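Working notes, structure below.
The values are calculated or read from the model by the stated rules, or taken from the named source; none is laboratory data. In this text, all values refer to a predicted model and were calculated from it rather than measured experimentally. Heads up, the Cβs are rebuilt from the backbone with ideal geometry, glycines too, and the neighbour counts pull from every protein chain shown. Ligands, DNA and RNA are excluded from the accessible area calculation, which covers all protein heavy atoms including side chains. Shrake-Rupley method; radii C 1.70, N 1.55, O 1.52, S 1.80 Å.
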Amino acid sequence: PDILLPKQARYQTALIPDCLLRPSFRELRMILRTIGLVNEKAKKCSERFSSQGPHEMRKCCPHHTCLPLNSGALNIMPAQILDGKAIAQQTEAELSERVARLKEKSGGQTPILATILVGGDPASATYVRMKQNACKRVGMASIAVEMPKETTTEELLVKINELNSNPNCQGILLQHPVPPQIEERDCFDSIALEKDVDGVTCLGFGRMAMGEEAYGSATPQGIMRLLAAYDIPLQGKHAVVVGRSPILGKPMAMMLLNANATVTICHSRTENLPAIIGGADLVVGAVGKPEFIKAEWIKDGAVVVDAGYHPGGVGDIELGPLYDRASAITPVPGGVGPMTINTLILQSVDAGEKKLA
Ligand code: NAP
């Protein structure tokens, strides 16, 4: 009679006869992986992602063929996908309306973001282009400043000061990294606080860390927005941030601390990194090395945020095995990256509203 059942159900009854067998969670997961069955929760997830490409769907629900199982032992919880691309698109729709309203109120003016690219690094040029395109999508104008790779600190400071005093420009983005002869910190810090929409100045960082009003550094601020969009609880949780760079790791740690997480910051001299990560309820990978943080270091049910992006579409964390072990996960690509650009644009619109309204 089994022959009348769908193929997967036949496998199921063969493997779990009469549902008398109660396999352990680990065994069951192995069986399910083999036969490609996932539970009802995965079905919901796959439905949620069915409007997107098969790549996203597969991450959430390996086979997208879901049969309710009646063993009672089943408790597979695929990680919730923290879909930065979707949240960014949703925010862009709201930003377009805000820009249109601002234009109406201010007699046709829109907020303007100035982007500064020094040197011809192709990756940096691509990032700047993506940011300018995001401005266009929400109806904002941008000023593109391109300077040669031999530019000195003084020349760059002159340009930044010009933009600081340009009333038509409400936000300034200096693309990181700049060529090595330039004092990047001095240049970042010369950006006027009210135009620091990428959140790179020491003053902005200090104010943010003290809970005062300031634009947050775009990547960690984007991560905080993404966690908030999915109601990820942070209060009292142990967050481990791997990386302590001025634009990512350090502000990330401060933002999580401000959200009442208990924060550990790790870096290249940290001892027993796997053990520290193993205790984390939330892990943020900001190391800059492909898949440096191993899936086996991360405990079941943790929230996994991968800020990295490397050729081949991998991040700083080995994400593959975590899609059915973490409670929530940022995909690479499509997680943190779109939220970074989106945060820059959001903060530019905020700056425009403060100035033009
Ligand atoms: P970074 O300036 O190179 O900083 C890397 C950090 O990782 C440093 O603090 C370093 O520690 C730490 N580190 C290096 N090796 C380590 C090890 N073996 N164990 C523990 N920590 C180690 O990089 P970043 O600018 O912060 O960027 C980090 C990642 O985020 C990169 O993958 C980058 O591509 C990505 N990113 C993404 C976006 C986006 O929009 N999605 C934006 C910015 C950056 P030390 O301080 O001790 O050297």
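Of everything in region 94-122 that's among the charged types (D, E, K, R) and surrounded by 15 or more Cβ atoms within 10 Å (Cβ to Cβ), which residue is nearest to Leu344 (Cα to Cα)? Outline the logic, then answer.
Of all residues in region 94-122, those among the charged types (D, E, K, R) come to 94, 97-98, 101, 103-105, 121.
Filter once more, so that each one left must be surrounded by 15 or more Cβ atoms within 10 Å (Cβ to Cβ): 98, 103, 121.
On the way: Arg98: 15, Lys103: 19, Asp121: 21 Å.
Of everything passing the filter in region 94-122, Arg98 is nearest to Leu344 (Cα to Cα).
Would you call Glu146 more than 30 Å from Gln90 (Cβ to Cβ), in a strand (DSSP E or B) and open to solvent by 20 Å² or more (accessible area, probe 1.4 Å)? Before the answer, list the steps.
On the way: more than 30 Å from Gln90 (Cβ to Cβ): yes; in a strand (DSSP E or B): yes; open to solvent by 20 Å² or more (accessible area, probe 1.4 Å): yes.
Yes.
Here is a list: Pro233, Pro246, Pro220. Which entry is open to solvent by less than 20 Å² (accessible area, probe 1.4 Å) and at pLDDT 95 or above? So that I can check it myself, show each step before the final result.
Working: Pro233 fails: open to solvent by less than 20 Å² (accessible area, probe 1.4 Å); Pro246 fails: open to solvent by less than 20 Å² (accessible area, probe 1.4 Å).
None of the other options fit; the residue is Pro220.
Testing Arg225 on (1) more than 18 Å from Ala351 (Cβ to Cβ); (2) in contact with a helix residue (DSSP H, G or I) (Cβ under 8 Å, 6 or more places away or on another chain), one condition comes back false. Which one is that?
For Arg225, the failing item is (1).
Taking the conditions exactly as written (out of contact with any Asp or Glu (no Cβ under 8 Å at 6 or more places or on another chain), farther than 27 Å from Gly334 by Cα and surrounded by 15 or more Cβ atoms within 10 Å (Cβ to Cβ)), does Asp189 satisfy them or not?
Working: out of contact with any Asp or Glu (no Cβ under 8 Å at 6 or more places or on another chain): yes; farther than 27 Å from Gly334 by Cα: yes; surrounded by 15 or more Cβ atoms within 10 Å (Cβ to Cβ): yes.
Judged against the criteria, Asp189 is a match.
Please enumerate the residues belonging to region 217-246 that are over 14 Å from the mean Cα position of the chain (by Cα) and either part of a loop (DSSP other than H, G, I, E, B) or acidic (Asp, Glu) (or both).
Taking region 217-246 and keeping what is over 14 Å from the mean Cα position of the chain (by Cα), we get 231, 233-240, 242-246.
Asp231, Pro233, Leu234, Gln235, Gly236, Lys237, Gly243, Arg244, Ser245, Pro246 - these are the residues of region 217-246 that are over 14 Å from the mean Cα position of the chain (by Cα) and either part of a loop (DSSP other than H, G, I, E, B) or acidic (Asp, Glu) (or both).
Is there any pair linking a residue in region 304-319 that is within 10 Å of Phe292 (Cα to Cα) and part of a strand (DSSP E or B) to one that is open to solvent by 10 Å² or more (accessible area, probe 1.4 Å) and more than 10 Å from the ligand (Cβ to nearest atom), with Cβ under 8 Å and at least six apart or on different chains, and which?
Ile317/Glu291
Here are some residues: Val118, Val145. Which one is touching a Ser or Thr at 6+ places or on another chain (Cβ under 9 Å) and farther than 24 Å from Lys354 by Cβ? Lay out the reasoning, then the answer.
Details: Val145 fails: farther than 24 Å from Lys354 by Cβ.
Checking each option against the conditions leaves just Val118.
Look through region 242-263, keep the residues that are touching a Leu at 6+ places or on another chain (Cβ under 7 Å) and closer than 25 Å to Ala86 by Cα, and return whichever of them is farthest from the ligand (Cβ to nearest atom).
The initial filter retains those residues of region 242-263 that are touching a Leu at 6+ places or on another chain (Cβ under 7 Å), namely 256, 259-261, 263.
Cutting the leftovers down to closer than 25 Å to Ala86 by Cα gives us 256, 259.
On the way: Leu256: 15, Ala259: 20 Å.
Ranking the qualifying residues of region 242-263, first place goes to Ala259.
Return the residue satisfying two criteria in turn: it lies in region 292-314 and is under 18 Å from Gly222 (Cα atoms), open to solvent by 10 Å² or more (accessible area, probe 1.4 Å) and of a type in the set (A, V, I, L, M), and of such residues it is nearest to the ligand (Cβ to nearest atom).
Ala307
Given the conditions (1) open to solvent by 20 Å² or more (accessible area, probe 1.4 Å); (2) farther than 30 Å from Val99 by Cβ, and given that Ile182 satisfies all but one, which numbered condition is not satisfied?
In the conditions (1) open to solvent by 20 Å² or more (accessible area, probe 1.4 Å); (2) farther than 30 Å from Val99 by Cβ, Ile182 misses (1) alone.
Any residue at all in region 225-240 that is within 21 Å of Pro290 (Cα to Cα), without any contact (Cβ under 8 Å) to a residue 60 or more places away in the chain and within 11 Å of the ligand (Cβ to nearest atom)?
The answer is yes; a qualifying residue exists.
Sort out which residues of region 264-286 are in contact (Cβ under 8 Å) with a residue 40 or more places away in the chain, part of a strand (DSSP E or B) and within 9 Å of the ligand (Cβ to nearest atom), and write them in order of number. Before the answer, list the steps.
Of the residues in region 264-286, the ones in contact (Cβ under 8 Å) with a residue 40 or more places away in the chain are 279-286.
Filter again for part of a strand (DSSP E or B), leaving 282-285.
The answer is Gly285, and nothing else.
Give Ile341, Ile345, Ile317 a once-over and let me know the one that is touching a helix residue (DSSP H, G or I) at 6+ places or on another chain (Cβ under 6 Å), open to solvent by less than 10 Å² (accessible area, probe 1.4 Å) and within 14 Å of the ligand (Cβ to nearest atom).
Values: Ile341 fails: open to solvent by less than 10 Å² (accessible area, probe 1.4 Å); Ile317 fails: touching a helix residue (DSSP H, G or I) at 6+ places or on another chain (Cβ under 6 Å).
After ruling out the rest, the residue left standing is Ile345.
Look through region 320-338, keep the residues that are more than 13 Å from the ligand (Cβ to nearest atom) and assigned to a helix (DSSP H, G or I), and return whichever of them is least open to solvent (accessible area, probe 1.4 Å).
If we filter region 320-338 for residues that are more than 13 Å from the ligand (Cβ to nearest atom), which is where we start, we get 320-329.
Retained after the next criterion (residues that are assigned to a helix (DSSP H, G or I)): 320-324.
Numbers: Gly320: 53, Pro321: 60, Leu322: 1, Tyr323: 29, Asp324: 36 Å².
Selected residue: Leu322.
Condition first: aliphatic (A, V, I, L, M), in a helix (DSSP H, G or I) and in contact (Cβ under 8 Å) with a residue 12 or more places away in the chain. Now tell me which residues in region 158-207 satisfy that. Show your work before the answer.
Step one: of region 158-207, the residues aliphatic (A, V, I, L, M) are 158, 160, 163, 172-174, 178, 182, 191-193, 197, 200, 203.
Now drop any that are not in a helix (DSSP H, G or I), which leaves 158, 160, 163, 193, 203.
Ile160, Leu163, Leu193, Leu203, listed by residue number.
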